[in-house]
There are 2 protein chains.
Amino acid sequence: MENFTFFPATKYVFGRGVENQVADQLKVFGMKKPLIVYGKGSVVRSGLLDRVRKSIADAGIEHEELGGVQPNPTDDKVYEGIALAKEKGVDSLLAVGGGSSIDTAKAIAAALPYNGDFWDFYCGKAKVTKALPVGVVLTIPAAGSEGSGNTVITKISDMRKLGMGSDSLRPKFALMNPELTFTLPPYQTAAGITDMLAHIMERYFSNTPEVEITDRVAEGVMKAIITEAPKVMADPENYDARANIMWSGTLAHNGVCSGGRVEDWATHALEHELSALYGVTHGAGLAVMFPAWMTYAMRENPGKLAQYARRVFDVEEADDTKAAAIGIERLKDFLTSIGMPVTMKGLVIENADTALLAQKVTESKGDTFGNYIRIDRDTARRIYDLAK
Amino acid sequence: MENFTFFPATKYVFGRGVENQVADQLKVFGMKKPLIVYGKGSVVRSGLLDRVRKSIADAGIEHEELGGVQPNPTDDKVYEGIALAKEKGVDSLLAVGGGSSIDTAKAIAAALPYNGDFWDFYCGKAKVTKALPVGVVLTIPAAGSEGSGNTVITKISDMRKLGMGSDSLRPKFALMNPELTFTLPPYQTAAGITDMLAHIMERYFSNTPEVEITDRVAEGVMKAIITEAPKVMADPENYDARANIMWSGTLAHNGVCSGGRVEDWATHALEHELSALYGVTHGAGLAVMFPAWMTYAMRENPGKLAQYARRVFDVEEADDTKAAAIGIERLKDFLTSIGMPVTMKGLVIENADTALLAQKVTESKGDTFGNYIRIDRDTARRIYDLAK
């Protein structure tokens, strides 16, 4: 087991009606004038935003607003938020929505105390050491950003999608009412479920030996997701299934599945280029790229894939490579069962330019990347080809 | 799933040599003059205390000291610490040791900002809303106090052992070096392992339906403990096994196995009376009382015990009561294999006064207690009798 630091400092308030605590929690954390960051769709239509506005106003708390954040959030909205926040003198951020709103809020939170371009943090020129406090009212369980210090933003000028993280960006609080997820469309629900599974698998596929405790926790969260996902798909208003999925999404990415291991994250890198070039939903792109990555990785390094197959999908097969192969099929069956594509064709990408994708991912990540297996440009192309 | 709040605000720094960060972490959390709280044994003999003193002094941080904390820590030491802390004007606590030192530090931390007797918090007269910051250098993985807001203290005058908890008592940081546990005697190692298993089981045995995610996480931590414990017992200097066990002890009790469920804690109540009356080690008392509680509970409410047997001990048996019974035998086999007693005789208690124990536990907990099954005085006596 490797040394690690784990500082999961978010206060999670979970259950029916908890969004009504928003003013209370802002006060607890001394957030006196938040900038509310939200998207453009359901948060407005459902009336949630109005309820949040009203409860904040009733508590005598001022606020400003930045709406219109898009999926795969972009730097232009961050710059708009930074300018607004400076002009209006906000002291904190309140994201109402899913990963895109939260990640945008975190970018603004990091930028305000910093004398420089916020993109410095994303392209690795600077590290976040302080940030304005961020609060969250979560409506989409997927990205896990409500419990992590991570944020991913796309720079429009060159469509580079980069992530960064700092414990100082972990939200101070996250209000998580599963009822707010009842109206998510099935495709978005399934893409979110895939995203959370992927967050665990990026951590799970590690060559660090002797990490039984985090392996077992990760397997437990994966098994719970696989059990609860069909219930959510069959009955979107099943409170308990929605609750299990929502909490799984947080545990998938808040670090409890991480401790003491070298993580992989190659599949996220591969998927980011697919998203950037073909505009696919992140979770759906992961549903395509993970089985392809696994199929390639199985040939070089089947061990952990076999453990995954046996422990998560109850595969009974003594040979590691065979067990791994069966596990990959079971993952694909699962993804298909919740309505996810598992090939690029399923994403309606015909004849993907896999050479270009491979070129772009190595431009972005370096000549080789990934840890469970090392991936170079040629390998990346093979994996993209496997995903066709 | 029930509503819940989970605020796991401790910063864990885990791995080889991390105790050398003690001065750095004190500074990060603004702890300028800590009271170091420690026991009497290995922390002093091993030279750890001297190293902590030196690194704090080298960093220019003043400190005071309260040594001599005993296992099953008592109120007299807390009062001594409160007086010392007030006299010397400390601003924080630094526990160096295991649960006893940490729980004593938490009691002092809660008492200092409070105008009243610290025991008010333990007997339920008052709630902790603020406390001095507490830091930890952990040497005994067992109580999980390094990651929880809980503390248990025994009042000497009537030997009442009571616990209380508040998120404001969660340690700010916990420095966890598995190497510091290499020299723990086998019995203490095994009692600690039992304690952490018990912390999970008290949460796991719940009638709250539809808590798959926390069930799966709890089962994962239990499976990891059961896999790693024999390695630790066979080779006390196996770093990786010690590391897995140490981190399991934290996850067992920091709340990640809790979310959204009514917990039980009846067995802890039953064991506390055994400890108080016969002076047994807490973990060893739990090794005796848990199988007895399970054997009784199995007759009334076998369902979750059967799930436990199947998922944690891989029992393949369709009938719930039979599966539960096999699971209990496997737990006993496991406990025996690591050197724990599973009967009062094994604790060298002959002819325990089970009527008196039952009287005391209902005096302490009320006429009925527990949640997975309700226990009254008569039931308590039966369970104690099963433990003989």
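The values are calculated or read from the model by the stated rules, or taken from the named source; none is laboratory data. Values in this document were obtained by computation on a predicted structure and should not be read as measured data. Counting neighbours? That spans all protein chains shown, and the Cβs are built from the backbone with ideal geometry, glycine included.
General observations
- Selection from segment A:70-101 of residues that are aliphatic (A, V, I, L, M) and farther than 19 Å from residue A:133 by Cβ: A:83
- Segment B:228-242, subset buried (at least 24 other Cβ atoms within 10 Å of the Cβ) and more than 9 Å from every other protein chain (Cβ to nearest Cβ), residue farthest from residue A:250 (Cα to Cα): B:232
- Of the residues making up segment A:32-49, at least one is at pLDDT below 95, more than 30 Å from residue B:1 (Cα to Cα) and outside any helix (DSSP H, G or I).
- The set of residues from segment A:366-378 being in contact (Cβ under 8 Å) with a residue 40 or more places away in the chain and in contact with an Asp or Glu (Cβ under 9 Å, 6 or more places away or on another chain) comprises A:369, A:370, A:371, A:372, A:373.
- Residues of segment B:248-270 that turn out to be within 12 Å of chain A (Cβ to nearest Cβ) and part of a loop (DSSP other than H, G, I, E, B), as a count: 8
- Subset of segment A:366-388 (residues that are farther than 13 Å from residue A:355 by Cβ, part of a loop (DSSP other than H, G, I, E, B) and modelled with pLDDT of 95 or more): A:367, A:368, A:370, A:371, A:372, A:373, A:374, A:376, A:387
- Residues in segment A:312-337 that are surrounded by fewer than 18 Cβ atoms within 10 Å (Cβ to Cβ) and under 18 Å from residue A:193 (Cβ atoms): 4 in all.
- Meets criteria (crowded, with 20+ Cβ neighbours inside 10 Å and of a type in the set (Ser, Thr, Tyr)) for residue B:100: yes
- Restricting B:245, B:200, B:213, B:225 to residues that are more than 9 Å from chain A (Cβ to nearest Cβ), part of a helix (DSSP H, G or I) and either within 23 Å of residue B:98 (Cβ to Cβ) or aliphatic (A, V, I, L, M) (or both) narrows the list to B:200.
- Condition check for residue A:33 on (1) without any contact (Cβ under 8 Å) to a residue 40 or more places away in the chain; (2) within 23 Å of residue A:170 (Cβ to Cβ); (3) away from chain B (no Cβ under 14 Å): one failure, at (1).
- Subset of segment B:280-309 that is in contact (Cβ under 8 Å) with a residue 40 or more places away in the chain and not in a helix (DSSP H, G or I) - its residue that is nearest to residue B:324 (Cα to Cα): B:301
- Residues of segment A:110-160 satisfying the condition of being assigned to a helix (DSSP H, G or I) and either free of Cβ contacts under 8 Å to residues at least 24 places away in the same chain or assigned by TED's automatic domain parsing to the domain that holds residue A:190 (or both): A:120
- Screening B:117, B:158 for residues that are surrounded by fewer than 16 Cβ atoms within 10 Å (Cβ to Cβ) and closer than 21 Å to residue B:366 by Cα leaves exactly one candidate, B:158.
- Filter result for residue A:283 (among the small types (Gly, Ala, Ser), within 14 Å of chain B (Cβ to nearest Cβ) and within 18 Å of the chain's Cα centre (by Cα)): no
- Residue in segment A:6-17 that is at pLDDT 95 or above and either more than 11 Å from every other protein chain (Cβ to nearest Cβ) or more than 30 Å from residue A:255 (Cβ to Cβ) (or both) present: no
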